[in-house]
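> There's a structure below that I have some questions on.
The values are calculated or read from the model by the stated rules, or taken from the named source; none is laboratory data. Worth saying up front: this structure is predicted, and the values here are computed from it rather than measured. In this analysis, Cβ positions are derived from the backbone assuming ideal geometry, glycine residues included, and neighbour counts consider all displayed protein chains.
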């Protein structure tokens, strides 16, 4: 019982850090909407110029999905305001539909090489698929499966956080050009593995703290 309690506390702390990072990254990422893209991230300038709808559809909406995660996984909010939880869930799904399709377009047109392009395209496709399944299971009132697919969707949404953690580390270690293709996979594949671990914990009777 003691070890179970300690495990719950550790998971709770981990989730608290993740939610804080998701909100901070969301706030920082919105700089694209007000700042000169050439100044804040010159590598994305060609996207902003050549395909502005996809660029701003992704960078403008994906941060909102990040900011919604702590609310959607809050047991208190879900218990007290079920209607709000449903409407925020619909907003989250709509955002990912637009941001995911936009991200797919950006990934296909990246100038960072095939490995980076494939990593980001697969991320976009799996992001859309997991969120779509989460919505389907909510509509069909299979709430256990809905929650598990939402955990997977959240893990992929959090690629926006892990990407920003890996980019400076990669730049320092081997340079951004050498590290970027690997980061396009590392930013989401380990996240999905952690999601599967968390789901297995829930299935074994160890619910997530929130």
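> Check the range 32-43 and report whether any residue there is buried (at least 20 other Cβ atoms within 10 Å of the Cβ), under 25 Å from residue 179 (Cα atoms) and in contact with a helix residue (DSSP H, G or I) (Cβ under 6 Å, 6 or more places away or on another chain). Write out each step before concluding.
We begin by selecting, within the range 32-43, every residue buried (at least 20 other Cβ atoms within 10 Å of the Cβ); these are 37.
Right, trim to under 25 Å from residue 179 (Cα atoms) and you get 37.
Keeping just the survivors that are in contact with a helix residue (DSSP H, G or I) (Cβ under 6 Å, 6 or more places away or on another chain) gives 37.
Within the range 32-43, one or more residues are buried (at least 20 other Cβ atoms within 10 Å of the Cβ), under 25 Å from residue 179 (Cα atoms) and in contact with a helix residue (DSSP H, G or I) (Cβ under 6 Å, 6 or more places away or on another chain).
> On to the next question. Give me a count of the residues in the range 174-210 that are assigned to a helix (DSSP H, G or I) and at pLDDT 90 or above. Don't jump to the end; show me each part of the working.
Quick first cut of the range 174-210, residues assigned to a helix (DSSP H, G or I) only: 176-186, 189-203.
In the following step, the residues that additionally are at pLDDT 90 or above were identified as 179-186, 189-197, 199-200.
Going through the range 174-210 one residue at a time, the tally reaches 19.
> Looking only at helices (runs of 4 or more DSSP H) that lie completely in the range 29-120, which have at least 1 residues being under 30 Å from residue 137 (Cα atoms) and under 18 Å from the mean Cα position of the chain (by Cα)? Break it down stepwise before answering.
Values: elements: 37-40, 45-50, 52-72, 75-80, 82-108.
So the answer is 52-72, 82-108.
> Hey, among 129, 134, 138, 124, which residue is closer than 24 Å to residue 113 by Cα and part of a helix (DSSP H, G or I)? Walk me through it before giving the result.
On the way: 129 fails: closer than 24 Å to residue 113 by Cα; 134 fails: closer than 24 Å to residue 113 by Cα; 138 fails: closer than 24 Å to residue 113 by Cα.
124 is the lone residue from the list that is closer than 24 Å to residue 113 by Cα and part of a helix (DSSP H, G or I).
> Check off (1) under 20 Å from residue 19 (Cα atoms); (2) within 14 Å of the chain's Cα centre (by Cα); (3) free of Cβ contacts under 8 Å to residues at least 40 places away in the same chain for residue 152 and give me the number that stays unchecked.
For residue 152, the exception is condition (3).
> Hey, can you tell me all the residues within the range 99-117 that are without any contact (Cβ under 8 Å) to a residue 40 or more places away in the chain and surrounded by fewer than 17 Cβ atoms within 10 Å (Cβ to Cβ)?
Once the filter is applied, which keeps residues that are without any contact (Cβ under 8 Å) to a residue 40 or more places away in the chain and surrounded by fewer than 17 Cβ atoms within 10 Å (Cβ to Cβ), the range 99-117 yields 108, 114.
> Might you let me know whether the range 173-188 holds any residue that is under 18 Å from the mean Cα position of the chain (by Cα) and under 21 Å from residue 27 (Cα atoms)?
Among the residues of the range 173-188, at least one is under 18 Å from the mean Cα position of the chain (by Cα) and under 21 Å from residue 27 (Cα atoms), which makes the answer yes.
> Based on this model, can you work out whether residue 128 counts as more than 24 Å from residue 27 (Cβ to Cβ), without any contact (Cβ under 8 Å) to a residue 60 or more places away in the chain, touching a helix residue (DSSP H, G or I) at 6+ places or on another chain (Cβ under 8 Å) and crowded, with 18+ Cβ neighbours inside 10 Å?
Numbers: more than 24 Å from residue 27 (Cβ to Cβ): yes; without any contact (Cβ under 8 Å) to a residue 60 or more places away in the chain: yes; touching a helix residue (DSSP H, G or I) at 6+ places or on another chain (Cβ under 8 Å): yes; crowded, with 18+ Cβ neighbours inside 10 Å: yes.
Against the criterion (more than 24 Å from residue 27 (Cβ to Cβ), without any contact (Cβ under 8 Å) to a residue 60 or more places away in the chain, touching a helix residue (DSSP H, G or I) at 6+ places or on another chain (Cβ under 8 Å) and crowded, with 18+ Cβ neighbours inside 10 Å), residue 128 qualifies.
> Still on this structure, please answer the following. Can you tell me which residue among 116, 48 is modelled with pLDDT under 95 and either under 16 Å from residue 163 (Cα atoms) or in contact with a strand residue (DSSP E or B) (Cβ under 8 Å, 6 or more places away or on another chain) (or both)?
Going through 116, 48 in turn, just one is modelled with pLDDT under 95 and either under 16 Å from residue 163 (Cα atoms) or in contact with a strand residue (DSSP E or B) (Cβ under 8 Å, 6 or more places away or on another chain) (or both): 116.
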